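The values are calculated or read from the model by the stated rules, or taken from the named source; none is laboratory data. Everything numeric here is computed off the predicted structure, so don't read it as measured data. Every residue, glycine as well, gets a Cβ built from its backbone with ideal geometry; the counts of neighbours run over all protein chains shown. Note: accessible area is taken over every heavy atom of the protein model, side chains too, but ligands, DNA and RNA are not part of it. Shrake-Rupley method; radii C 1.70, N 1.55, O 1.52, S 1.80 Å.
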Amino acid sequence: MEHLVQKPFPDDFLWGAATAAYQVEGAFDEEGKGLSVQDAKNFSNPVHNTTVTSDHYHRFREDVALMKSLGLKSYRFSIAWTRIYPDGVTLNPQGIIFYNQLIDELLKQGIEPLVTLYHFDHPQALQQAWGGWYDDRMIDYFARFAQTCFNEFGDRVSYFMTLCESNNVVLYPDLIGGVPEGVAVEAWRFQVSRIMALANAKVITLCHEILPQAKIGPCIGYAVAYAATCAPQDVLAAMNEDEFRTFYPLDLLCLGRQNPTVVSFFAQRGLDIRLAEHERITLKNVRPDFIAFNYYQSDVAKYCPLASQETQPGFNADGQKGGFKYPHFPGLYAGDSNPYLQRNDWDWEIDPVGLRIACRKLYDRYQLPLMITENGLGACDSLIGGEINDVYRINYLQQHIAQMRLAISDGVPIWGYYPWSFMDVMSTSNGYHKRYGFVYIDRDDQQLKTLRRIKKASFYWYQQVISSNGKQLFNQESCK
Ligand code: BG6
């Protein structure tokens, strides 16, 4: 649909930016913090690990001052579970002090906090004891942590997100500690989806009881699936991808229903994934206030015959274009590249229109307001003459914001937009080789250097976007 007139961004639109604790804070073992699965995982690299990252833990006041200068209306950050409960059980008051200081500093500068309760970093102690999210006990551990956050921070925080990308962590088990030995990956995926959905429900219920004014929602990563061709079998493959990868987990989180196609697929493979009646009721009784979703790219799906070889999804680990291995799920779908789109160096296809499509699909299915809680371009930035001219990032973001505005004009309620990332952070897959921030951090994967903060060209551009409430999107003249 083409609009004759576009809607403006609402006056209270939350122009934001995002980070996550283990990728930005450093100080992985300071002031009582326990070891998280991310600390344990990243130790293989001597510099690119969670010891320092962007040193936000020690420099948060300087960073919040930069947010203020950017004009941010809201900042999305995650609370490290292991600062509050180092082993999952014992409370660490120093962790509470840190987040109180951060929240107070944000509010002092007029910046609304959006708190992610879980961003891939549960206590390593719970991983070792129970296999992490593969065990039902995680529901109560997580609820205890969330309840503490509501009690301690809820007088000042109005927006919470439960679990970041619960659909993607089941696709990439290594992100959150891996599959326990002897367990089939598909059985693990179903079990973790179920446990995370129950944990999400419990925590949303708690939040609504303790903080009736606050808003809380789940978070998913959504790469919209397009059919490789208009051959009906490819169309069905794209439907399979959307349903298995996004809608099955999100239906559990928002509607308390199980997609029958997914149930039947697993039943044929000897796995009964039907929820118990009391679990179904628990999930059905919970209604989130919004859906948070992270959008970077779209996907292409094509027919994948039952007899083909299975390939699990992988990463392009070095930023050399063409290195990405597409997944093959026999009987469901196989991934492919999109000849109509450009890609970044990690083969993530750049698709601004896909963001509008994602907004429309999500709102039509769930009828909940949306928050776009991650969106951004990973690139190798160059510091030349003290400046970073990341015009490619400006291009990416302006195209996506333009499509977000079209989605709003289509009638989709969108509360906020949080590009990934406020500052350079340790990329989940590529350390500091792949950067996303508006603020450059002077370090790389080999050396810590000065850790100085340097505003990129995109910083000055986003400043104009925010101050004009999205009107000065394409006015390059306004950028430094
Ligand atoms: C998101 C995660 O899925 O992707 C972030 O929530 C992550 O934690 C981001 O950093 C980008 O991924 P990567 O691998 O490029 O860092």
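General remarks:
- Single unsatisfied condition, Asn49 versus (1) open to solvent by less than 70 Å² (accessible area, probe 1.4 Å); (2) within 24 Å of Tyr118 (Cβ to Cβ); (3) modelled with pLDDT of 95 or more; (4) part of a loop (DSSP other than H, G, I, E, B): (3)
- The residues of region 176-200 that are in contact with a Pro (Cβ under 9 Å, 6 or more places away or on another chain) and open to solvent by less than 10 Å² (accessible area, probe 1.4 Å), listed by number, are Trp188, Val192, Met196, Ala197, Asn200.
- Inter-residue pairs, beta-carbon under 7 Å, first touching a residue at least 40 places away in the same chain (Cβ under 8 Å) and within 16 Å of the ligand (Cβ to nearest atom) and in region 164-187, second open to solvent by less than 20 Å² (accessible area, probe 1.4 Å) and of a type in the set (Phe, Trp, Tyr), 6+ apart: Cys164/Tyr118; Cys164/Phe120; Val169/Phe120; Leu175/Phe120; Ile176/Phe120; Ile176/Trp133
- Restricting attention to region 327-352, the residues that are under 23 Å from Ile408 (Cβ atoms) and either within 16 Å of the ligand (Cβ to nearest atom) or open to solvent by 70 Å² or more (accessible area, probe 1.4 Å) (or both) total 2.
- The criterion of at least 1 residues that are over 19 Å from Leu370 (Cα atoms) and in contact (Cβ under 8 Å) with a residue 60 or more places away in the chain is met, among strands (runs of 3 or more DSSP E) falling completely within region 188-263, by 225-227.
- Among (1) touching a Cys at 6+ places or on another chain (Cβ under 9 Å); (2) on the phi < 0 side of the Ramachandran plot - the single one Tyr141 does not satisfy: (1)
- Qualifying residue in region 204-216 (condition: surrounded by fewer than 20 Cβ atoms within 10 Å (Cβ to Cβ) and under 20 Å from the mean Cα position of the chain (by Cα)): yes
- Filter result (within 17 Å of the chain's Cα centre (by Cα) and under 18 Å from Gly431 (Cα atoms)) within region 376-404: Gly376, Leu377, Gly378
- Pick from region 372-392, criterion in contact (Cβ under 8 Å) with a residue 60 or more places away in the chain and in a strand (DSSP E or B), ranking: most open to solvent (accessible area, probe 1.4 Å): Glu387
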